[in-house]
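Values in this text are rule-based calculations from the coordinates and carry no lab data. Bear in mind that the values here come from a model prediction, so they are computed numbers and not experimental data. So basically every Cβ, Gly included, is an ideal-geometry build from the backbone, and we count neighbours across all protein chains shown.
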Amino acid sequence: MCLALDVGGTKLAVGLVDRSGRVVWKDSVRTPRATDAEALFRVVRDLLALAAESVPARGEIVVCGVGCGGPMTGGGAAVSPLNIPAWRGFPLRARLAEALTLLPAAGRAVLGVFVDNDAKAVALAEGWLGAARGQRNYLAMVVSTGIGAGIVLNGRLLEGADGNAGHIGHVIVEPEGHECACGARGCLEAEASGTGMAAWTARPPEEATLDVIERSGRMVGRAVASVANLLDLRLAVVGGSVALGFGDAFFLAAQRELDRCARLDHSRGSRIEPAGLGADAPLVGAAALGWRGLDGGGAE
């Protein structure tokens, strides 16, 4: 088994995922509003212990894969998720490796801990088993508490200097728009994420009006068009609780805006599709990181 961990601003999820990408066990808790880094990590450690207790009937944990909000330094050596203010420069990879050694059911067998951006993990998952299966060029987005993406070109996941390639949430889609947590104005994350919309509508995403849902879709379509124009790709797979919760109205608005803005020969006809793995995408993605790392494709 791969012990898969998804660290997000709304939810912390853990699962056991086999080599075929099947989630055989999972659990989750809401991300605490803790301001203390160690208090938050204790919740993560408790989730790891819960997973380890479920191992005997299901096999052996041989690797740990982790998708975490960014930005971060290479391989998750230090993470600073914008939507988790308790962690700034938190040494997540090292602390997880240490915690796993203290779990009797896992410590002796785990051969590595592999950490990357959660949206990049989803990109791997969707290319492995989801809506981008068989595609060599695509964008995979998560529209949830925040907005992130992973970009695959010529069959390779883009990394960047510190592993932060794909932060589409900080593409400017509305000049002089709403203020973003990063300090800029008009970022896609400020305009279309769950956190962003709640800030300027004073309502949670679950209570969004049709106008707000369609506006969120337009902003996402606008950002996808910029990436399609820039990088010569024609598919964007979009998941996350906000996008999937908004449903058809969101996706139709996003596709209309993409059609309006992607007008070059190499971007015209680009499409936006819902993620194929649904709510399991983050855990399957975290496992994809783990299995890739174990096979020599990622930094421990």
Quiz item: What nm distance separates the two modelled labels at TRP25 and ALA161, each placed 7 Å from Cα along Cα→Cβ?
Solution: 4.3 nm
Self-check item: For the chain, built as a Gaussian network whose Cα springs stay under 10 Å, the top-fluctuating residue of VAL238, VAL220, VAL23
Solution: VAL23
Quiz prompt | 0 to 90° range, to nearest 10: angle between helix 118-129 axis and the chain longest Cα axis | solution = 90 degrees
Self-check item: Gyration tensor over alpha-carbon atoms, region 1-156, equivalent ellipsoid semi-axes in Å
Solution: 23, 21, 13
Quiz item: Just how many % of Cα pairs in region 132-218 lie over 18 Å apart, if you round to the nearest whole percent?
Solution: 48 percent
Self-check item: Test item: Cα-centred dipole of the chain, Lys/Arg +1 and Asp/Glu -1 on Cβ, debye
Solution: 360 debye
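How big is the charge dipole of region 131-276 about its Cα centre, in debye rounded to the nearest 20, if each Lys and Arg gets +1 on its Cβ and each Asp and Glu gets -1 on its Cβ?
Charge dipole, region 131-276, about its Cα centre: 520 debye, nearest 20.
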Practice problem: Compute the acute angle (0 to 90°) between the alpha-carbon long axis of helix 281-294 and the principal axis of greatest extent of the alpha-carbon atoms of the chain; round to the nearest 10°. | Solution: 60 degrees
Exercise. Between beta-carbons, use under 13 Å as the cut-off and find the net charge around TYR138, counting Lys and Arg +1, Asp and Glu -1.
Key: +3
Quiz prompt | Diffusion coefficient, µm² s⁻¹, Stokes-Einstein with Kirkwood Rh over alpha-carbon pairs of region 131-276 at 10 °C and 1.306 mPa s | solution = 106 µm²/s
Practice problem: Can you give me the three principal axis dimensions of the chain from its C-alpha atoms, in Å, biggest first? | Solution: 56, 40, 33
Quiz item: Using the alpha-carbon atoms, what tilt in degrees (0 to 90, nearest 10) does helix 210-231 show relative to the longest principal axis of the chain?
Solution: 80 degrees
Self-check item: Cβ-Cβ FRET estimate between LEU210 and ASN154, R0 fixed at 41 Å, reported to 0.05
Solution: 0.55
Exercise. With a cut-off of at most 16 other beta carbons within 10 Å, and DSSP calling the residue loop, which trypsin sites (Lys or Arg not before Pro) in region 40-76 qualify? Please list them.
Key: ARG58
Self-check item: Per-peptide average of other Cβ atoms within 10 Å, ordering 157-167, 273-283, 28-38 highest first
Solution: 273-283, 157-167, 28-38
Self-check item: Residues ASP232 and LEU111, FRET efficiency given R0 of 45 Å [Cβ-Cβ distance, rounded to 0.05]
Solution: 0.75
Practice problem: Give the share of C-alpha pairs in each 10 angstrom bin for region 1-63, from 0 to the last occupied bin, in whole percents, shortest bins first. | Solution: 22, 51, 23, 5
Quiz item: How far is the Cα center of region 136-176 from the Cα center of region 21-76, in Å?
Solution: 23 Å
